[in-house]
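Following: one structure in structure tokens, then a few remarks.
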Amino acid sequence: MRLAVYRAFVDTGRAPSPGELAHTLGYPVAEVTRLLAELHAARHLVLARDGRDVVMAHPFSAVPLGFAVMGAGTLWWGGCAWDSFAVPHLLPDEDEVLVATTCPACSTAHAWLVGTAAPPPGDQLAHFLVPAAQMWDDVVHTCGNQRLFCDEGCIAAWLDRTGSTRGYVMDLATLWRLASGWYEGRLERGYVRREPTAARAYLAGVGLHGPFWGL
Ligand SMILES: [Zn+2]
Ligand SMILES: [Zn+2]
């Protein structure tokens, strides 16, 4: 079931409906709904509030969260900055994708060719509003607030305008390293989510320490 959801996202750029999954897998719709709820509870994907439709299977999203990711033959809603930068690393057939967004503060358009060999050039900064330890409290809100800004001035202006507290800021190279291996294995059978200790080790390995995790 998990792989069928991912396969549909990879191939079509959108989430499969429960009816489509029932057809693909030959299961009754009630069984599809039950399995999707199980995957949601285990944080393998995110269901809409109605508990029926798939909203996200990271790094893919069925709803716009500020990013578009264009591959050779497929167009995806990138989830957040982290998710959008992860897409080429996850898909062997997409060496390089075009990631496009606008600065939340000043609406300047930004686009990068993101590949697997090296971080894209650019001075823009990623700002993650929600501390990692609370990311799953409302993961759609979290991803919707992991954006890319022109510079520190735009981050400050946006925080002021929205009355938000500054979160974690990183440059493009760090964001790219963070995204490079985070979703590894999700397109394979038997994928197991990282334990918190392994997640912390991964984050430290790409240069993100205590403050990112909300410590
Ligand atoms: Zn995200
Ligand atoms: Zn800006």
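Residue-wise test of (1) buried (at least 19 other Cβ atoms within 10 Å of the Cβ); (2) modelled with pLDDT under 95.
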| position | (1), (2) |
| --- | --- |
| Tyr6 | yes, no |
| Pro16 | yes, no |
| Glu20 | no, no |
| Ala37 | no, no |
| Gly73 | no, yes |
| Cys80 | yes, no |
If Leu35 satisfies all but one of (1) farther than 26 Å from Gln134 by Cα; (2) free of Cβ contacts under 8 Å to residues at least 60 places away in the same chain; (3) not in a strand (DSSP E or B), what's the number of the condition it fails?
(1)
Would you check which residues across the stretch 153-202 are out of contact with any Phe, Trp or Tyr (no Cβ under 6 Å at 6 or more places or on another chain), hydrophobic (A, V, I, L, M, F, W, C) and part of a loop (DSSP other than H, G, I, E, B) and list them?
Val192
Sole miss for Thr101 among (1) within 16 Å of ligand 2 (Cβ to nearest atom); (2) over 26 Å from Thr12 (Cα atoms); (3) hydroxyl-bearing (Ser, Thr, Tyr); (4) crowded, with 16+ Cβ neighbours inside 10 Å is condition (2)
Within the stretch 42-66, take every residue that is in contact (Cβ under 8 Å) with a residue 60 or more places away in the chain and touching an Asp or Glu at 6+ places or on another chain (Cβ under 9 Å) and give me the one that is nearest to Val130 (Cα to Cα).
Leu65
Pull up the stretch 46-61, narrow it to residues that are closer than 24 Å to Leu178 by Cα and over 11 Å from the mean Cα position of the chain (by Cα), then point me to the one that is surrounded by the most Cβ atoms within 10 Å (Cβ to Cβ).
Val46
Can you run down the residue pairs with Cβ atoms below 7 Å, 6 or more apart or on separate chains, where the first is in the stretch 130-157 and in contact (Cβ under 8 Å) with a residue 40 or more places away in the chain and the partner is more than 15 Å from ligand 2 (Cβ to nearest atom) and charged (D, E, K, R)?
Trp136/Arg43; Cys143/Asp83
Could you please give the count of residues in the stretch 132-159 that are buried (at least 16 other Cβ atoms within 10 Å of the Cβ) and under 18 Å from His110 (Cβ atoms)?
12
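The values are calculated or read from the model by the stated rules, or taken from the named source; none is laboratory data. Because the structure is a prediction, the values reported are computed rather than measured. Cβ sites come from the backbone with ideal geometry, for glycine too, and all protein chains shown count toward neighbours.
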